[in-house]
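To keep things clear, I will list the structure first and then write my remarks on it.
Each value in this text was obtained by applying a stated rule to the coordinates, not by laboratory testing. Everything numeric in this text was worked out from a predicted model, so none of it was measured. All Cβ positions, glycine included, derive from the backbone under ideal geometry; neighbour counts span all protein chains shown.
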Amino acid sequence: MKSFMEKLEHLLGLGGIKKDITLLVISGIAVVLSLLGVRPFPFDMAWVAIVLCGIPIILEAIIGLVTAFDIKADVLVSLALIASVAIGEDFAAGEVAFIMQLGGLLEEVTVARARAGIEKLVHLTPQTARVLRDGQENIIPAEQVKVGELLRVLPGEGVPVDGVIVSGQTSINQAVMTGESLPVDKTVGDEVSSGTVNQFGAFEMKASKVGEDSSIQRMIRLVQSADAGKARIVGIADRWATWIVVIALSAAAITWLITGEIIRAVTILVVFCPCALVLATPTAIMAAIGNATKHGFLVREGDALERLARVKIIAFDKTGTLTYGSPEVVDVVSMTDTYSRKQLCMLAASAEQLSEHPLGKAIVRCCKSKLGGKLAPVGDFFMLPGRGVRARVEGKEVLAGNPELLHDHGVSIAHTSAVEEAVRKGCTVTYLAVDGVFAGYIVLSDTLRKESADMISSLDSMGVQPVLLTGDHENAARAIAGKLRIASVQANCLPEDKLKTIDQYQAAGQPVCMIGDGINDAPALKRAEVGIAMGGVGSDIAVDAADIALVDDEVKELPHLIALSKRMMTTIKVNMIFSMTLNFIAIVLAISGTLNPVVGALVHNAGSVLVITCSAFLLKWKQKR
C-alpha cells in the first residue's frame, strides 16, 4: 500500500529529500503567514501545513493501527493535530505538523549522510564493457560479460569485471577497494578488480569473476544489508514508545477530566510524543556505520556494532590476518665457497621461475626485488610434487626443495644449529644442491603485518584480551604470539577446535569477536558474538559468514572500530536518558498549564533535533590516541 507521501511524491514528480524540502518550504511559509495573520485566501494559511505535513502523519498512523496495530509516535501526533483543529488552534496544529516533518527531515538527512560513504560503491560499477570477439571490439552491458572472455580497458575507464591482465601495462587506482591513494602498477599476469579505475595505459584482460561474483558486487551486497533497524536495542526503544503512548493518552484524559481544560490535554499529547526516544538509536547506529565505512569497515548488520561494544576477547587467525599470508625470504645461507649468497639465490630463483608453488614464487620475488638479481634461462625443468624442482641453469643441475628431494638424488645435507633454530621458529627451509653437491639453503617465513604489534598493544590498553587461534603448527604460532605479546595461543586448530574454544569463552560470559580470512574460519566467524572477515584477502565464504568486512585489510583500524562501538552505545544511552527526561519534564509543565500546544511542540521537537545532532557527531568521531 502506497503511503500518502509516496502518492504526493508521484504527483509532484519529486523524490527523496528534495521532495521533503520542497514541502517543508511551502509549509514553513504558510505557518509564518498564519502567525502574521496574512490571509491571501479565505482560510487560515496554517491549513497548508496541516494538509502537506499533517495529513501524511495521520494516514501513516491509521495504516499502522489497521494493518499491524502499531502504536507509535504517529498516533500521538495525529491525536494532537485533530484535537488542536477541533478546539480552533489551527496555527498550533500547523506548527506541530511542520516541526514534526522538520524533525523527520533532519533524521533523513543524518541517515543519508551516514550511508553516503557506503552507497557510493553502488555507483562505481561500470555499466559497459569492451569485449573482444573474433578480433572485433564490441561494447556490451557489463553484466553480460562471461568468464574467460577477453576485454579491453582504455585509460580513464573503470574495470568492468574481475580478471587477469594478458597484455599491456598500466596503473590502477584501487582506492575503492583498498583505500590506497596512489595508483598501483600492473602488468601481464596481475589481477585487477571491478570498480577500480584504469589511469594510464590501455590493456587487455581475461575475465575471471563476473556479475554478482565480482569484487565490487560483493562489496555492494554487504552495503545493502546494513540496516540499523535490525539492532535489538531499537526494538527496546520501540516498546518504550508504545508504553509512552499509553501513558500520554491516560495523562491527557485524566487532566481533561480533572481540569476541564482540553488545551492542557492537547499540550500533553504534543509534548509526550516519543519521537526523540525512537530517533535516539537508529540515527546513532547509522552515523556509526558511516564512520566505520570511512575507516575501511563494511557493517552488514546494525546490531553488529551493538554486540561489538560488549566484546571482551578478540580471537585472531594468524595467516592472512596478523600476517600477510604469503611467504617471504628472510635469509639465504651459502654452505660453500663456490657460490655467494646472491649467486645461490639467483640459481634457485632461475630454477623456480616456472614453478607455481608459493615458496618458489617467493624466492623469485626476492631475487628480482631485494637482491636485484637477473634470472638465467632455465632448461630441463621438472617439478616433483611434494619434493621441489629440478632444472638446468647455466649448464648446472639445480635442486631446490625439501630434504627428501636431495636425499632422492643422493645428496647429503649438513644440518646446522641455525637451520634448527629457524625451524623451531616456524620458518620453512628450502634446501639447495648444485651438480649433486649440497650448496646451502633459503629460509622463508610468513611475515607480520607492520601494524599488527601496535594494534594488539592498543587492544590490551582498552581491556580487550587478544587470543591466537590458528591451524598452523605450534612453533610458528608461538613465534608470532611472542612477537605480538599474545599470552593465549592455540595451534593446530581445526575448524571445530576454534568453535569449541569460542563456545567455552562465551559460556563463561566473555563475548568473543573472531577475525579471520579463510574458509576454515567461516564457522568460527558465524559462532562468535561478532565476526570480522578480511575483505581483501578473505575468501567469499568467510566474508559471507562475517558480520563486518575489513575491505582494505588494514587491521590497525580495529581499535578504532571497537572504541567507536563503545562510543555509539554511550551516545544511544545519553540520547535515551535525555529524551525520557525531557518528556517527563514537559508533561509536568503541560499538566500545570505552563506550556501551551505551540510552545509544547517547540520544546518537543527541540529534543528530537538535539538527539539527531548528538548522533551526527559520531560521523566524524575519532579515537583519541
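Cross-link partners for residue 556 among the aspartates and glutamates, with Cα-Cα distance under 18 Å and sequence neighbours closer than 8 places in the same chain left out: 180, 317, 451, 454, 460, 517. Near residue 85, once Lys and Arg are set to +1 and Asp and Glu to -1 for all other residues with Cβ below 15 Å from its Cβ, the sum equals -4. Using the Cβ of residue 598 as centre and a radius below 12 Å, the other residues enclosed give a net charge of -3, where K and R count +1 and D and E count -1. Beyond 32 Å in Cα-Cα separation lie the following of the pairs 146/450; 318/573; 146/368; 396/450; 206/368; 312/483: 146/450; 318/573; 146/368; 396/450. Measuring max minus min along each principal axis, the C-alpha atoms of the stretch 402-491 give extents of 57, 22, 19 Å (largest first). Exposure proxy ranking for 614, 493, based on other Cβ atoms within 10 angstrom of each Cβ and starting from the fewest, stands as 614, 493. By the count of neighbouring beta-carbon atoms within 10 Å, fewest first, 462, 286 end up ordered 462, 286.
Applying the Kirkwood pairwise sum to the alpha-carbon positions of the stretch 324-448 produces a hydrodynamic radius of 14.2 angstrom.
Taking other C-beta atoms within 10 Å as the exposure proxy, 409, 295 rank 409, 295 from fewest upward. Summing charges over all other residues whose Cβ lies under 9 Å from the Cβ of residue 318, with Lys and Arg as +1 and Asp and Glu as -1, gives -3.
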